[in-house]
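Below: one structure, written as structure tokens.
Please treat every number below as a calculation from the coordinates, not as lab data. Remember, it's a predicted structure, so these values are computed and weren't measured experimentally. Quick reminder, even Gly has a Cβ in these numbers, built from the backbone with ideal geometry, and neighbours come from all protein chains shown.
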Number of protein chains: 4
Amino acid sequence: MPPRVAVFGAAGFTGALTARLLYTHPSFELTALTARTEVGRRLDDIYPYHRVPIALEELDLDRHGDLGAAVVAYPHGASAPLVAQLRERGVRVVDLSADFRLRDPAVYELWYRDHAAPELLAEAVYGLPERYRETIAAADLVANPGCYPTAAVLALAPLARAGVIKDVVIDAKSGVSGAGRAPSDKTHFVTVDENISAYGVPRHRHTPEIEQELEALGASVRVTFTPHLLPLDQGELVSCYVTPEAELGEDDLDRLYGEAYADEPFVEVVASPPGVRDVRETNFCRVSVHRDPRTGRVIVFATIDNLWKGAASQAVQNLNLMFGLPEGEGIT
Amino acid sequence: MPPRVAVFGAAGFTGALTARLLYTHPSFELTALTARTEVGRRLDDIYPYHRVPIALEELDLDRHGDLGAAVVAYPHGASAPLVAQLRERGVRVVDLSADFRLRDPAVYELWYRDHAAPELLAEAVYGLPERYRETIAAADLVANPGCYPTAAVLALAPLARAGVIKDVVIDAKSGVSGAGRAPSDKTHFVTVDENISAYGVPRHRHTPEIEQELEALGASVRVTFTPHLLPLDQGELVSCYVTPEAELGEDDLDRLYGEAYADEPFVEVVASPPGVRDVRETNFCRVSVHRDPRTGRVIVFATIDNLWKGAASQAVQNLNLMFGLPEGEGIT
Amino acid sequence: MPPRVAVFGAAGFTGALTARLLYTHPSFELTALTARTEVGRRLDDIYPYHRVPIALEELDLDRHGDLGAAVVAYPHGASAPLVAQLRERGVRVVDLSADFRLRDPAVYELWYRDHAAPELLAEAVYGLPERYRETIAAADLVANPGCYPTAAVLALAPLARAGVIKDVVIDAKSGVSGAGRAPSDKTHFVTVDENISAYGVPRHRHTPEIEQELEALGASVRVTFTPHLLPLDQGELVSCYVTPEAELGEDDLDRLYGEAYADEPFVEVVASPPGVRDVRETNFCRVSVHRDPRTGRVIVFATIDNLWKGAASQAVQNLNLMFGLPEGEGIT
Amino acid sequence: MPPRVAVFGAAGFTGALTARLLYTHPSFELTALTARTEVGRRLDDIYPYHRVPIALEELDLDRHGDLGAAVVAYPHGASAPLVAQLRERGVRVVDLSADFRLRDPAVYELWYRDHAAPELLAEAVYGLPERYRETIAAADLVANPGCYPTAAVLALAPLARAGVIKDVVIDAKSGVSGAGRAPSDKTHFVTVDENISAYGVPRHRHTPEIEQELEALGASVRVTFTPHLLPLDQGELVSCYVTPEAELGEDDLDRLYGEAYADEPFVEVVASPPGVRDVRETNFCRVSVHRDPRTGRVIVFATIDNLWKGAASQAVQNLNLMFGLPEGEGIT
């Protein structure tokens, strides 16, 4: 019998897409969708294109039955208490919020707010399969990475591991779905259309998450990270400008990236700068690395679909690992 | 001394654009901008590209000083009471709402709501300069037309006047700015992007306004009118499918449209179907007329910028007429 | 052993998407892709997002091996000679061009050009599965419908069959991919962006195809058909304005559409006007029917993805039928 | 009598916009438009929205009459020979190409090609009015800056002049009009829509131009410059990441930018990161400067309309200076 899973917070963009991927997944049974608003509405009424004919329920852990796993798609801060409840009941959790991504609660509290369940941090595993595949498989609580950290860490991991990053600037660009479903001036069509601007300057909350993961790879570096909002729906590109510790040739770069990703099913190393359309509606991350011979700087581009590899399909990838299923099941 | 004008309701798209046009207008002095929210905020903070360095005030007719004229950009229903107050003080008004467009209060109440100032309907002039230029010049209260009626009536007037319209289908397409500034699911970038759908089916409120004006031209016809929301900011196209009373040749059509618009400064008759970009950020309406030899049907396209000729610049065109100024001053 | 299939003309948008669908199809083996330009280039170099790692070859029927079936994605006129060659070799063909859609060669020659293989018209089956499912299953030559006719015929079939269409106006809107891959002023981003305009006025070539299929359903009517180009990539909406022979109630309409499509796996009848995003990258056609109580007119909207149900996935749907496979295999 | 001007190469985006600005300019008389293709076509046929009712002619310097000035909008390399001919006839020239921007012909030949008129380099003035206002006024040959250098130099000039730039990364984003009017895969709507990618990596030709101007300001630095193509029409944003020579406080930055631009009519220093819409269809450059307290890095954003301040309106600004006219005439 397939594991029963629920998605908590399924009315938002990432929760809804996770619901769709689990609804059509051959090895999970999607048993409940909850939301804090629009209870009673069917998901295919809100998102016709997801075609999930299940109504949103109010949260009531006693009523959702025995769950093998849950995906929590709550906002930062609201997530931790629900995750704690689920863990008490023995439910394995993939959490899409930032609440369990930062291993040091002091860093979390500096960038976010008081932590509601710091006792769970020790067991939480950072859910980037390309980095922590084995640990994820054994984990009961997986903190799904932020979209920018997913792209940035995959872009920089080969250099970080090689110990060659002296300094790095990450200029990121994201489609509007990354700003979430809540209507606002910021997400109004007329604001975004024919426009681009930076936001979160100079302190975007994904910064410490990127630094944590680069440090775990051996690169102790303060990153400059600036995201921009693009007039498109789904897609994210990070352009990383690395000042290397020492001169690196193109052969060195090719070797580092080739070795790092030769066997990765969802990372594609390509020769030309990738476009976000190359990975739209997929779990792929596409990476290219370049060397500026004039400055010696290394330029790495990585692109993902912010809702897929940056959130929902990566959550399913993690669930697959946790349940011993083929890593790409239901997301290819 | 130039007439002093105020814009009431300047935080919305059309009010703000009217403010910009009046701010740079050589023959009006823009003295006050009011809004019901965001009081105290400067307009150039909300709309950097309009570059109007004036703060939004609360409505207080005693404080705005002697006004020669006012533009009211309030929602339907909210507008009539303010217009009544302004008229009591002798202020000449261009009203952007629907409140004074329909001459028959019963029709207004059928499509909208109870009318708050029906006693003013008699003096209100429908502000389509190409139709009512002389009356507008003498009017104290001008009801600025809806965006769809502006395009539809300019498209169909030559045929209506000639008495040849037996039946007409109007398929309209509008950019998102027509939906207003209020953030909602409907105006969220992710909803609109890469999408198109019809709305207001089968009863959009601009229908009786179009029928009223066609009837005034001699065409007593029930129109089928269906608008669609487009993934673009500003611009509106109406595609009108006319079943003629009798066979019309291309020469007849060319003559009718040529005569109607030869001297109109803001109507351009062209040979090929126009695009909304042709008139973006202008007061122009661009029209083309075609005959389908297989069916005898006449097809007329008309395109305007919904915020300009469909609202703000037409309001200024009306103000120019009311104050004896060159009709195109400040809007060309 | 799965049937071996080739796609001829795989460098264009529809050919390339067909190639992708067949490449991942569980029951076909994609053995060759040809193109008239870019020979030697791999398809995943031209279309990274299709991820088909097969190089384009020159056409050489002797070299492509024994084929069970072929999809021909050539331009109108160029297709017929190749189809004739393939049929001589006994290869079953789905042809994406217009060459075999019109049963009367005189009509074809009136709207297109001289026909290169009129002798094949008798055996060609119009590939709209919802209409000709059984005949398609037995056919050796299937003429895949045009994108507009697919949407228009599915929109109007229930009314046509009921004999209630007196007159119809079809106002269609399509994304730019419908204009094909050839770069031109017309498809330049700057031309299309923030724009919409009609084209093919008043004689678009899909008109006789729509009329032929409505007539086959019992509705002998001259349609007025006008397409518009939208600033979006994939998607197509037809808005159909039907003057009925007699008064039709909403119940009548609901019954007609319910009966027609209750068992159709790829037609969704919905209550609200659909958006093209609802069916993006799917084989679905989504239809809604409305009645304007003021005019008695019936308004039907139908939306498809022009590259999918309007071309490539419908071709695969036809192939599935021809080879006795589940109709939705490889396209759901 | 107003100076007579011609635009050579008026069929492209920048030439056509220059033509429009000069056609409506109160103090110039636009007497001729030439093009190398589409001779005989009227400009308002190609660009309806520019409304310039002048036909394109073949180049024939003997026939265009006495010119006071000319704007040359030819491609790099093709421009120099025509400029040389014009200068021989005593015509004052603003050249939109790169041919006279780089003062050192060796640098030009390294990044472009052989130079056809190196003897004119000495008299050419780099046409960035905010830098060379007085010299431009006296010049006979003005090299209009590239769009990226315009934005980048205005972004960085206050820091360069203060001698505090140790290193700089410039991540630039541009709308598609920057790629020119020639249809290609790269400018096809389907390629660009819902996409973003870097191009010209790692050696874009605007790099030496930026370095030349930073050096002239006192900053001898090798810049890393990477442009990206955005799914929008007009607009350009540069995000500059500066490693300062020494710690800079926010007060220092505010003072530097305030002093530099307080009196500049077309540079707006703002507090929040600007969007490209803020300057669409204007000659403004909008700049904001930020300090990342964690890294000490200085982040500067600058946005322009690539066709206006990045090309055509800056050309007119230069012409105004050259002819002693108010600097903003015809472009505000």
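In summary, the convex hull built on the alpha carbon positions of the protein assembly as shown has an orientation-averaged projected area of 50.4 nm².
When DSSP beta bridges are restricted to pairs lying wholly in chain B, around 45% turn out antiparallel.
Cα centroid separation, the range D:23-53 to the range C:95-126: 45 Å.
Rounded to the nearest 0.05, the FRET efficiency derived from the C-beta distance between B:Glu29 and D:Leu110 at R0 = 60 Å is 0.55.
Between the helical axis of D:129-138 and the dominant principal axis of chain D, each derived from Cα atoms, what acute angle in degrees is found, rounded to the nearest 10? Helix D:129-138 and the main axis of chain D meet at about 40 degrees. With a cut-off of at most 15 other beta carbons within 10 Å, and DSSP calling the residue loop, which GluC sites (Glu not before Pro) in the range D:95-194 qualify? Please list them. Listed in order of number, the matching sites are D:Glu123. DSSP beta bridges fully contained in the protein assembly as shown are about 45 percent antiparallel.
Looking down the axis that turns chain D into chain C, the chain D residue with its beta carbon nearest that axis, and the gap rounded to whole angstrom, comes out as D:Pro183, 2. Once C-alpha pairs closer than 8 Å and six or more residues apart are averaged by separation and normalised to the residue number of the range B:148-273, the relative contact order reads 41 percent. Counting only DSSP beta bridges with both residues in the range B:246-332, the antiparallel share comes to about 65 percent. Residues whose amide H lies under 5 Å from that of D:Ile165, counting only those 5 or more places away or on a different chain, are D:Glu245; hydrogens are built 1.01 Å from N in the peptide plane. Sequence-ordered 3J(HN,Hα) estimates for the range A:181-189 from the Karplus curve with 6.51, -1.76 and 1.60 and θ = phi - 60° stand at 8, 4, x, 7, 3, 5, 9, 4, 3 Hz, glycine and proline given as x. Between 0 and 90 degrees, the angle of helix C:147-161 with respect to the longest Cα principal axis of chain C falls at about 40 degrees. Cα centroid separation, the range A:314-332 to the range D:209-283: 45 Å. Taking each DSSP H run with n ≥ 4 as -39500 (n - 2.57) and averaging over every residue of the protein assembly as shown yields -8000 deg cm²/dmol at 222 nm.
Across peptide B:201-207, the mean count of Cβ atoms from other chains lying within 10 Å of each residue's own Cβ comes to 4.
Per residue of peptide B:286-296, the mean number of Cβ atoms on other chains within 10 Å of the residue Cβ is 4. Consider a paramagnetic label point 7 Å from the Cα of A:Arg51 along Cα→Cβ; state which residues of the range C:293-332 have an amide N under 11 Å from it. Of the residues in the range C:293-332, C:328-332 have backbone N under 11 Å from the label point off A:Arg51. Just to confirm the number: angle between the C-alpha axis of helix C:250-261 and the first principal axis of chain C, 0 to 90 degrees, nearest 10? Roughly 20 degrees between the two axes. Counting neighbouring Cβ atoms within 10 Å and putting the fewest first, the residues B:Ile196, B:Ile136, B:Ile304, A:Ile46 line up as A:Ile46, B:Ile136, B:Ile196, B:Ile304. Neighbour counting of Cβ atoms within 10 Å sorts the residues D:Ser272, A:Ser220, C:Ser239, D:Ser97, fewest neighbours leading, into A:Ser220, D:Ser272, D:Ser97, C:Ser239. Plainly put, the tip 7 Å out from Cα toward Cβ on A:Ala116 is 4.3, 6.7, 6.9 nm from that tip on each other copy, the closest given first. Remark: the range A:271-287, residue by residue, has Karplus-estimated 3J(HN,Hα) of 7, 9, x, x, x, 5, 5, 4, 10, 4, 6, 9, 8, 6, 10, 10, 10 Hz, where x stands for each Gly or Pro and the curve is 6.51 cos²θ - 1.76 cosθ + 1.60 at θ = phi - 60°.
For the peptide A:219-231, the mean number of other protein chain Cβ atoms found within 10 angstrom of a residue's Cβ is 5. Ranked from shortest, the separations from the 7 Å Cα-to-Cβ label point of A:Glu259 to its equivalents in the other copies are 5.1, 7.2, 8.6 nm. Considering only alpha-carbon pairs that sit under 8 angstrom and 6 or more positions apart, the relative contact order computed for the range A:1-65 is 33 percent. Remark: label point of D:Gln85 defined 7 Å out from Cα along the Cα-Cβ vector; separations to the same position in other copies 4.8, 6.8, 8.0 nm, ascending. Classify the range D:1-72 from the C-alpha gyration tensor, please: rounded if a/c falls under 1.5, else prolate or oblate depending on whether a/b exceeds b/c. Because a/c hits 1.5 or more and a/b fails to exceed b/c, the range D:1-72 counts as oblate.
Each Cα pair under 8 Å and six or more residues apart adds its separation to the average, and for chain B the resulting relative contact order is 17 percent. Legend: distances between Cα atoms for B:Lys173/D:Lys309; A:Lys186/B:Lys309; A:Lys173/D:Lys173; B:Lys173/B:Lys309; C:Lys186/D:Lys186; pairs beyond 21 Å are B:Lys173/D:Lys309; A:Lys186/B:Lys309. Anisotropy class assigned to chain B is prolate, per the alpha carbon gyration tensor with a/c at or over the 1.5 cut-off and a/b larger than b/c.
If R0 is taken as 22 Å, the Cβ-Cβ distance between B:Glu119 and B:Asp62 corresponds to a FRET efficiency of 0.40.
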